[in-house]
1. For the range 469-498, enumerate the residues that are in a helix (DSSP H, G or I), crowded, with 17+ Cβ neighbours inside 10 Å and of a type outside the set (S, T, Y).
2. I'd like to know if the range 451-466 contains one or more residues that are within 25 Å of N41 (Cα to Cα), surrounded by fewer than 16 Cβ atoms within 10 Å (Cβ to Cβ) and in contact (Cβ under 8 Å) with a residue 24 or more places away in the chain.
3. What pairs come up if the first residue lies in the range 513-530 and is in a helix (DSSP H, G or I) and surrounded by fewer than 16 Cβ atoms within 10 Å (Cβ to Cβ), the second is modelled with pLDDT under 95 and among the small types (G, A, S), and their beta carbons are under 8 Å apart, counting only those six or more places apart or on different chains?
4. Just to be sure before I move on: is I488 on the phi < 0 side of the Ramachandran plot and within 18 Å of the chain's Cα centre (by Cα) in the structure I sent?
5. Scan the range 421-450 residue by residue and report those that are assigned to a loop (DSSP other than H, G, I, E, B) and free of Cβ contacts under 8 Å to residues at least 60 places away in the same chain.
6. From the residues in the range 181-207 that are modelled with pLDDT under 90 and assigned to a loop (DSSP other than H, G, I, E, B), which one is farthest from the chain's Cα centre (by Cα)?
7. So, of the residues in the range 18-32 that are part of a loop (DSSP other than H, G, I, E, B) and hydrophobic (A, V, I, L, M, F, W, C), which turns out to be modelled with the highest pLDDT?
8. Is it the case, given these coordinates, that V32 is closer than 26 Å to S440 by Cβ, crowded, with 18+ Cβ neighbours inside 10 Å and in contact with a helix residue (DSSP H, G or I) (Cβ under 6 Å, 6 or more places away or on another chain)?
Amino acid sequence: MAAPAPDFSLAGCWAALEAALRGPCQGQAGRVWFKESSGRNLRGRDWIAPRAALGKLYPRGQVPEDLIERLMSECRHRLYIQSCKQTDSGLVIRLDRPALFMQVLSNLPFYTRTLKAPLAKKKCVILNCVALQGNKGPESLTVSHLRTILLVDHLAVLLRQPGYVVHTTPNLPLKSSVCNFLKLLRVTWPSTRQTISNEGVSNFKKILSESIYTQLGKFETPSDQTHNRLPKDVLFKVHLRQFVKEKGLEGYDANLDMALVQEEALRQIAELQNIVLQEDAEECLVIHVVGCEEEFQQQKIDLLWRILDTSIDRVTQRHLVCGPVKITGESSHINAVHYFQFRRSQMQEASVMKYGNLVQGDSWSEIIGSMTSATIRFELLATAHRSPLNLEVTQAINISTKGTKSGAFVMYNCARLATLFDHFNKSVQQGLYPKFPEISQLNFSALQKEGEWLLLYNYIIPFREVLCQTTQSLSSAKGIRLTISTEIVCKFLVNLSIDFSSYYNHVHILGEPLEHLFNQMFARLQLMKALREVFHSALSTLHITPPNQL
């Protein structure tokens, strides 16, 4: 029998339930339906319209029976509803779980991979990583800088998936030491032999020399000696406060007054403008990803660009500001390079402690490198970007797979899935199990464990919607600051690992090689296959290679 069309989503289900319950005359009285997520509540229901919310629509929160009948008539099959009942808690819905297991597990690509949908119009996003501006060497990068770099790397992947054209800047010199360091963290940064054209910078100098907002400049007539009052390496002194006031701009720091313009600032703007001019996108969003320590200076760059080219009206500038990273422990003053080396040495020691002399050769070097990258990314990205981050760097902290909030724990559980399928495939080769049957031959009513539905309903079904949450705030942002939920994927993977680990520890997936047990084993393996694809897809947005062994 052909599988139904892969069109079930939690967002679509919620929208349909809201519309069905409100009716044409109920208006917008706040949210009514809520998805359950805890294991305890999922034992008996999947959606609930609490009595308090219903009380705003119906007397005493009692939904008319004819409306419930109509809801079931219109939505039962489309939304996979098994029952809809009024209880003391409110109106509760339980979904047809075997049917949804079949629906989802028969259409894994739809639920576990991001399917690019063409945007109505071409949209370009430029991620300007301020920490890398100025061609600094890796030794000058702080851990706070590293936080912004990894955030840009992650965000670029998430934005490309729905179809945005994404550029990351600055373009670093080919084979620079910074690029080599970033490769250790699985970051491939754009690099080229070409440099920013001096023509663009020269044009900017000419514009500023003639601008009404420029107070002092080193490009005035020889008889004018005022340039001697400018500090060394400063080309112009520009009135920013006057510009902000005249243009009615809001959201900028009230202390912004004068900008001392150096050539490096003009080069940064020239590179950004060059990308904008090369793209034919109808909209171009420039996101300055910056640590809070450099936010004030980057606002000056933003305003200076507006002064230099007021004709680019299709460009919107936003600032994504990262909170400070506070390092505690005996190594509280380390830079980004030392931090990476410290974590790698800890991962090396932990691996040797667990596997002994096996830890050697290129394959283990790759595993340790990948685990180190995962550990650092989860440490720096699992906290909301705007929040301060406390990082303990001490030998007393053991990087192990037991800390449920760590990248190592996520990688460990991903590796458990790889080992599970490795054992299954070897057992098939040995003749213990038959080959994996067609999905249509499986009876998913065998999936009765509480953890099985929780994994499908909380992680596999909503996975694509989770990835989309990151980009939802781009079009609705107000002011110059942008807040994006860049921590979502890390938190999702941590929570998935916790619930998967609990299930895996209590359920024996590869059962006895008895024919009457094969259906349940294959149904569980298909569920595990879906989880494996979710792990891999999510980790790919972080440029983390999934491990293939424990």
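The values are calculated or read from the model by the stated rules, or taken from the named source; none is laboratory data. Every value quoted in this text rests on a predicted model; they were computed, and no experiment measured them. Neighbour counts are summed over all protein chains in view; Cβ atoms, including those assigned to glycine, are modelled from backbone coordinates with ideal geometry.
1. Selection gives I488, V489, C490, K491, F492, L493, V494, L496.
2. Yes; the residues of the range 451-466 include at least one that is within 25 Å of N41 (Cα to Cα), surrounded by fewer than 16 Cβ atoms within 10 Å (Cβ to Cβ) and in contact (Cβ under 8 Å) with a residue 24 or more places away in the chain.
3. Close Cβ pairs (under 8 Å, with a partner that is modelled with pLDDT under 95 and among the small types (G, A, S)) amount to L517/G511.
4. In short, yes.
5. Q430, G431, K435, E438, Q448, K449
6. My answer is S197.
7. V32
8. Judged against the criteria, V32 is not a match.
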